[in-house]
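**Student:** First, the structure itself, so that you have it in front of you.
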Amino acid sequence: MYAYTHVRKCTYINQVTMETKILRVVRQGEAFGVPSKNSESGTIQKCNIVLRELGGGKFDNEYVCAMLGNLAACRFYEGDVVMATLRFSTHEYQGQTFQEILCSDIVKLNK
């Protein structure tokens with residue numbers, strides 16, 4: 001009898017860009033736990049947030065970002081103006097290229 005192990009091949013492309021922007025919160029999801037090798041408990045909190053540029057137009061750029069750890073516990077509401085540092089990275093998986101956006105820092109600005 002033979003054991004078959006499927007190994008996912010994921011090639012990372014070294015294209016990482018960080019930008020700090022002033023954005024408006026569109027919506028934020030609930031935090032949930034995901035597996036993490038770097039955490040003592042084996043899981044880390046993750047939350048997705050949608051941020052939009054402040055151009056005022058109908059087709060302004062939107063970013064769907066992940067917030068990890070303590071940032072995932074922070075709550076922001078629709079319309080909040082924030083300053084966020086976003087980390088843009090890409091990776092290739094099975095011949096397709098994917099972009100990931102990680103929010104590494106976010107601060108609500110007073111109105």
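**Student:** Can you name the residue in the stretch 35-55 that is open to solvent by 30 Å² or more (accessible area, probe 1.4 Å) and β-branched (Val, Ile, Thr) and, of all such residues, is farthest from Tyr77 (Cα to Cα)?
**Tutor:** My answer is Thr43.
**Student:** Please determine whether any residue of the stretch 56-76 is of a type outside the set (Val, Ile, Thr), open to solvent by 60 Å² or more (accessible area, probe 1.4 Å) and in contact with a Lys or Arg (Cβ under 6 Å, 6 or more places away or on another chain).
**Tutor:** yes
**Student:** Can you report the number of residues in the stretch 77-97 which are open to solvent by 20 Å² or more (accessible area, probe 1.4 Å) and over 13 Å from the mean Cα position of the chain (by Cα)?
**Tutor:** 11
**Student:** If you take the residues in the stretch 23-34 that are in contact with a Leu (Cβ under 8 Å, 6 or more places away or on another chain) and of a type in the set (A, V, I, L, M), which one is surrounded by the fewest Cβ atoms within 10 Å (Cβ to Cβ)?
**Tutor:** Within the stretch 23-34, the match that is surrounded by the fewest Cβ atoms within 10 Å (Cβ to Cβ) is Val26.
**Student:** Just checking, which of Val50, Val16, Val34 is at pLDDT 95 or above and among the aliphatic types (A, V, I, L, M)?
**Tutor:** Answer to the check: Val50.
**Student:** For the stretch 20-48, which positions are part of a strand (DSSP E or B), within 20 Å of Val107 (Cβ to Cβ) and without any contact (Cβ under 8 Å) to a residue 60 or more places away in the chain?
**Tutor:** Matches in the stretch 20-48: Arg24, Val25, Val26, Arg27, Gln28, Gln45, Lys46, Cys47, Asn48.
The values are calculated or read from the model by the stated rules, or taken from the named source; none is laboratory data. Computed from a prediction, not measured in an experiment: that's the story for all the values here. Cβ coordinates were reconstructed from backbone atoms using ideal geometry, including for glycine residues, and neighbour counts include every protein chain displayed. Ligands, DNA and RNA are excluded from the accessible area calculation, which covers all protein heavy atoms including side chains. Shrake-Rupley method; radii C 1.70, N 1.55, O 1.52, S 1.80 Å.
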